[in-house]
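S.K.: The structure under discussion is supplied below as structure tokens; questions concerning it will follow.
The numbers here are math on the coordinates, done by the rules we state, and not lab data. Keep in mind that what you see is a predicted model, and the values were worked out from it rather than measured. Neighbour counts are summed over all protein chains in view; Cβ atoms, including those assigned to glycine, are modelled from backbone coordinates with ideal geometry.
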Amino acid sequence: MLMKKLQLSALSLLLATGPALAEPFDLNALIAAAKSEPPITIYDSTGKIVDMAEAFSAKYGLKATGQKVSANSQLEMLIREAQAGNIQGDVALLTDTPAAIAQLLPTNVLHSWVPADLEPDIPESYRSPLAISTNANVWAYNTEKYPECPVTNIWQLTEPEWRGKVVLIDPLTKGTYTDWFNQMALHGEDALKAAYQAQYGKPLASDQPSAAAAWLAAMGANAPLMADGDDRVSEAVGAPGQPEPFMGLLSSAKFRDNADKGYRLGLCTGMNPWVGWSYSKLGLIASGTDSPNAAKLFIHYVLTEEGIMPQMMDGKMPTSAKIALPQDEPSGLAQHLADLFPYDAKTGMEDWDSRQDWQDFWRVHHTR
């Protein structure tokens, strides 16, 4: 209880004060200082970080290594490294925003830094802590089977026609899914109720505590298939030659499987109320790093179009207002960004605190 109070106090101070007054920024001085420091390692949950680190090293003439590490493993590694005083990961690109807010920032395992020259390009909601991008999970269908998305409203997925024919990652294995449930309950009630009214011509009546809980309970009762990762979802939805392919919820990055594997994934662009939902990827620095300037330089790099481009091609959306998604991004999401349900970090602590509750809720209502 004491730790939780300390975390909440630290978080309140962080959110209340926001970033400190911008210090004078000299990129050339930062580069020079970075070159005098030891090599750095960057943790990220995507393999693209290997190429990004190599490009960064070549650009600035220093050594950086990208290491693919899942969000859950990052949390454990970063905490242990800080406790041992043996920092291996100097920069963390972390998709578990609630965990960072609850565990890593209040205890000074990591800290957030926003380069002053790029700060005006970053919306205020993404500055404290710094988010470098937002990632999207979207509803998809098989274009070989259907000329257009066969579902136009997420409430349809709770109907008998789609029983056992929807696939998504098991929410018990990935915190971003339970965060999504909580975000919908906190910020998506009106949209969910309006979608129900549009589908059925009457107001939602439910004994559940929220429209999000009502949809999730109905969804779970409709026996969706649980997958252990986006690759399985992509295959179940997009693999050609299926007489009855699944509808699915998956990372927009998986639309590259259309070119790489011959899949037939299509984005459900007309889905009411949202084509999908997004979550943030934070860019944070290990407080005990021996290379603080090199770490800052990498943060600066990934906030530029050159730095973040490899992940943009997977549908990752930069937080910088000056950078637009490439028009040839495989999912076509660039045309539908306004139709995503966005993540609100202001309630990140509530997302963290409610994870177990939502997991228990799913266990109770999911029918196999």
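S.K.: Just check region 132-200 against the gyration tensor rule for me: Cα atoms, a ≥ b ≥ c as the square roots of the eigenvalues, rounded for a/c under 1.5, and otherwise prolate or oblate depending on whether a/b exceeds b/c.
M.R.: It is oblate, given that a/c is not under 1.5 and a/b is not larger than b/c.
S.K.: While we're here: Let's see if you can work this out: charge +1 on each Lys and Arg Cβ, -1 on each Asp and Glu Cβ, no other charges. What is the dipole magnitude of region 289-368 about its Cα centre, in debye to the nearest 20?
M.R.: The calculation lands at about 80 debye.
S.K.: Okay, moving on. For the chain, give me the percentage of DSSP beta bridges that are antiparallel, rounded to the nearest 5 percent.
M.R.: 60
S.K.: Follow-up. Placing +1 at every Lys and Arg Cβ and -1 at every Asp and Glu Cβ, with all other atoms neutral, what dipole size does the chain have around its Cα centre, in debye to the nearest 20?
M.R.: 420
S.K.: Shifting gears a bit: For the residues 271, 309, 52, what sequence is obtained by ranking on other C-beta atoms within 10 Å, fewest first?
M.R.: Going from least to most buried by this count: 309, 271, 52.
S.K.: Just to confirm the number: angle between the C-alpha axis of helix 189-200 and the first principal axis of the chain, 0 to 90 degrees, nearest 10?
M.R.: Roughly 30 degrees between the two axes.
S.K.: With +1 on the Cβ of every Lys and Arg and -1 on the Cβ of every Asp and Glu, and nothing else charged, how large is the dipole of region 108-234 about its Cα centre, in debye rounded to the nearest 20?
M.R.: 460
S.K.: Packing-wise, with mean Cβ within 10 Å as the measure, how do 114-125, 281-292, 166-177 rank, highest first?
M.R.: The most tightly packed comes first, giving 281-292, 166-177, 114-125.
S.K.: With a Förster radius of 22 Å, plug the Cβ-Cβ distance of residue 242 and residue 368 into 1/(1 + (r/R0)^6) and report the FRET value to the nearest 0.05.
M.R.: 0.55
S.K.: Output the peptides 147-153, 64-70, 97-103 sorted from most to least packed, where packing is the average of other Cβ atoms within 10 Å over each peptide's residues.
M.R.: Top of the packing list down: 97-103, 64-70, 147-153.
S.K.: Run the numbers for residue 290 and residue 32: contour at 0.36 nm per residue of separation, minus the present Cα-Cα distance, in nm.
M.R.: 91.4 nm
S.K.: If you don't mind, there's one more thing I want to ask. Among 248-255, 26-33, 217-224, 206-213, how do they line up from the highest to the lowest mean number of other beta-carbon atoms within 10 Å?
M.R.: My ranking of the peptides, most packed first, is 248-255, 217-224, 206-213, 26-33.
S.K.: Then there is this: Measure off 7 Å from each Cα along the Cα-to-Cβ vector at residue 59 and residue 200, then give the distance between these two points in nanometres to one decimal.
M.R.: Once both label points are built, they end up 5.1 nm from each other.
S.K.: Residue 65's amide H: which non-local residues (gap 5+, or another chain) put their own amide H closer than 5 Å, with H modeled 1.01 Å from N in plane and none for Pro or chain starts?
M.R.: Correct list: 40, 41, 42.
S.K.: Further, regarding this structure: Over the chain, what relative contact order in percent results from Cα pairs under 8 Å that are six or more residues apart?
M.R.: Relative contact order of the chain: 27 percent.
S.K.: Tell me, what ³J(HN,Hα) does each residue in region 51-58 have, in order and in whole Hz, if you take phi through Karplus 6.51 cos²θ - 1.76 cosθ + 1.60 with θ = phi - 60° and put x for Gly and Pro?
M.R.: 5, 5, 5, 5, 5, 4, 4, 5
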